[in-house]
Amino acid sequence: MPSLQAALEKAFTKLRRKRVSRELFSKNNGVVQRGVFKGLVLDGRSNISQGPLGLKIYGLFEQEVVKQIEKHAPYSFVVNIGAADGYFSLGMVKSGLAKQSICFEITQKGREAIHRNTRINQVEDQVVVYGKADQNINTFLNQANYHPDRSLVLCDIEGGEFNLFTDRFFKAIQGAFVIIELHDRIFMDSTDPRKKIIANIPPGYRHEIICSTPPKWSGIADIEALSDNDRALVTSEGRNLIGEWLVLTPSD
């Protein structure tokens, strides 16, 4: 059990990170300033922490994932499972990296945020939003006329990935590029779920696991102007453990 002092220190650290991030977000009116999603507008009200808002504004959020997305773009569809505020799914259609976006978001607050951000960015005709992604997900994909060729499946559902990516679901999306954030080390004291999801990968894919790295903020004036402590906080993704993603690439 952490001590009361340690718990308070952690809470104050999170509060300071959110405050600095929110100030940078407000300074730029929620408009992404650089990177592949430059010009995307977020209203900043969603079901997720405001801590990463500074990273999103300067195109630094989950750079490893963005690099993988760019590598194989453009896409016909992006299927964003755990779409949160729509940063990736809306950013991709607004930037031209994808023609259509199919979002799955379990929380009502998150879905409302995606709808607001969709209207703000004027991409209503390119985005559909559904609720929880479960074993009925194929039905929703069919409703949206999804086809896996030249598509991307992006998943971040806090451990739910190990139940979702069954043999059946992998077959339904076979041919798509797939990026799955892994949460087994955070929520489970075992590597068995990771082994099982890898074992479910169908033939015809290469797979690798990539890890998060510190964002490259040099040359960004607003971040350089911060104190060392605030700069460290705002460029942190606030993870308890290093981020990991399972990346599946269709074989040539």
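For every residue, the table says whether it meets (1) closer than 26 Å to Asp228 by Cβ; (2) in a helix (DSSP H, G or I); (3) within 17 Å of the chain's Cα centre (by Cα).
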| site | (1), (2), (3) |
| --- | --- |
| Arg16 | yes, yes, no |
| Gly35 | yes, no, yes |
| Gly51 | yes, no, yes |
| Leu55 | yes, yes, yes |
| Gly59 | yes, no, yes |
| Glu64 | yes, yes, yes |
| Glu70 | no, yes, yes |
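Residues being over 28 Å from Gln33 (Cβ atoms) and at pLDDT 95 or above are entirely absent from the range 211-223. Filtering the range 183-196 to residues that are surrounded by 16 or more Cβ atoms within 10 Å (Cβ to Cβ) and either at pLDDT 95 or above or among the charged types (D, E, K, R) (or both) leaves Asp184, Arg194.
For the range 29-52, give me each residue that is modelled with pLDDT of 95 or more, out of contact with any Asp or Glu (no Cβ under 8 Å at 6 or more places or on another chain) and not small (Gly, Ala, Ser). Let's see the steps before the verdict.
Start the filter on the range 29-52 by keeping residues that are modelled with pLDDT of 95 or more, which leaves 29-42.
Right, trim to out of contact with any Asp or Glu (no Cβ under 8 Å at 6 or more places or on another chain) and you get 29, 31-35, 37-41.
Within the range 29-52, Asn29, Val31, Val32, Gln33, Arg34, Phe37, Lys38, Leu40, Val41 meet the criteria.
Whenever a residue of the range 158-176 is more than 15 Å from Val79 (Cβ to Cβ), its partners that are surrounded by 14 or more Cβ atoms within 10 Å (Cβ to Cβ) and of a type in the set (S, T, N, Q), lying with C-beta atoms within less than 8 angstrom and at least six residues away or across chains, give the pairs Thr166/Asn200; Asp167/Asn200; Arg168/Asn138.
The values are calculated or read from the model by the stated rules, or taken from the named source; none is laboratory data. Keep in mind that what you see is a predicted model, and the values were worked out from it rather than measured. No Cβ is skipped: glycine too gets one built from the backbone with ideal geometry, and neighbour counts run over all protein chains shown.
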